[in-house]
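Below is one structure, written out as structure tokens; the observations come after it.
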Amino acid sequence: MQVPMKSIWFLVLLVVVGIAAIDEVYGAGECGKSSPDMEAFKLAPCVSAAQDASAQVSDRCCSQVKKIGKNPKCLCATMLSNTAKSSGAKPEIAVTIPKRCNIADRPVGYKCGDYTLP
């Protein structure tokens with residue numbers, strides 16, 4: 001018995017869609033198993049520094065940015081997340097926080113949406 005080619009393509013499509021769904025469920029996003037919006041809550045100590053470029057950046061903020069910043073994609077997605085925006089964070093100022101924290105191994109030049117990390 002020969003399987004029709006249409007059936008084979010349908011099965012291939014199901015496998016591809018299934019793999020994509022599994023990746024989504026098990027955290028293949030920018031921040032692994034967490035979402036950028038959830039990670040943004042960890043940056044609560046950074047709110048004033050993300051609103052005002054001349055505001056002091058706290059040690060707690062820098063500590064959290066350093067942790068999240070080990071994954072530049074996650075840091076970027078977190079700074080541009082809906083949660084960050086709803087807190088009043090300004091993306092153009094938020095992207096300056098790693099530099100203001102003097103994080104030596106920050107991802108300088110990393111493109112973060114319309115912004116570039118200094």
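The values are calculated or read from the model by the stated rules, or taken from the named source; none is laboratory data. What you see is a predicted model, and the numbers here were worked out from it, not measured in a lab. Here the Cβ positions follow ideal geometry from the backbone for every residue, glycine too, while neighbour counts run over all protein chains shown.
Which ones in segment 71-97 are part of a loop (DSSP other than H, G, I, E, B) and either more than 15 Å from Gly109 (Cα to Cα) or in contact (Cβ under 8 Å) with a residue 24 or more places away in the chain (or both)?
Asn71, Leu80, Ser81, Ser87, Gly88, Ala89, Lys90, Thr96
Yes or no, residue by residue, for (1) at pLDDT below 55; (2) under 20 Å from Glu92 (Cβ atoms); (3) among the charged types (D, E, K, R):
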residue: Ile8; (1), (2), (3): yes, no, no
residue: Val12; (1), (2), (3): yes, no, no
residue: Ile19; (1), (2), (3): yes, no, no
residue: Tyr26; (1), (2), (3): yes, no, no
residue: Ser34; (1), (2), (3): no, no, no
residue: Ala53; (1), (2), (3): no, yes, no
residue: Ser63; (1), (2), (3): no, no, no
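I'd like the full set of residues that are closer than 17 Å to Ser35 by Cβ and in contact with a helix residue (DSSP H, G or I) (Cβ under 7 Å, 6 or more places away or on another chain), limited to segment 82-93.
Within segment 82-93, Asn82, Thr83, Ala84, Ser87, Ala89 qualify.
Taking into account only those residues within segment 80-118 that are closer than 15 Å to Ser58 by Cα and basic (Lys, Arg), which is nearest to the chain's Cα centre (by Cα)?
Ranking the qualifying residues of segment 80-118, first place goes to Lys99.
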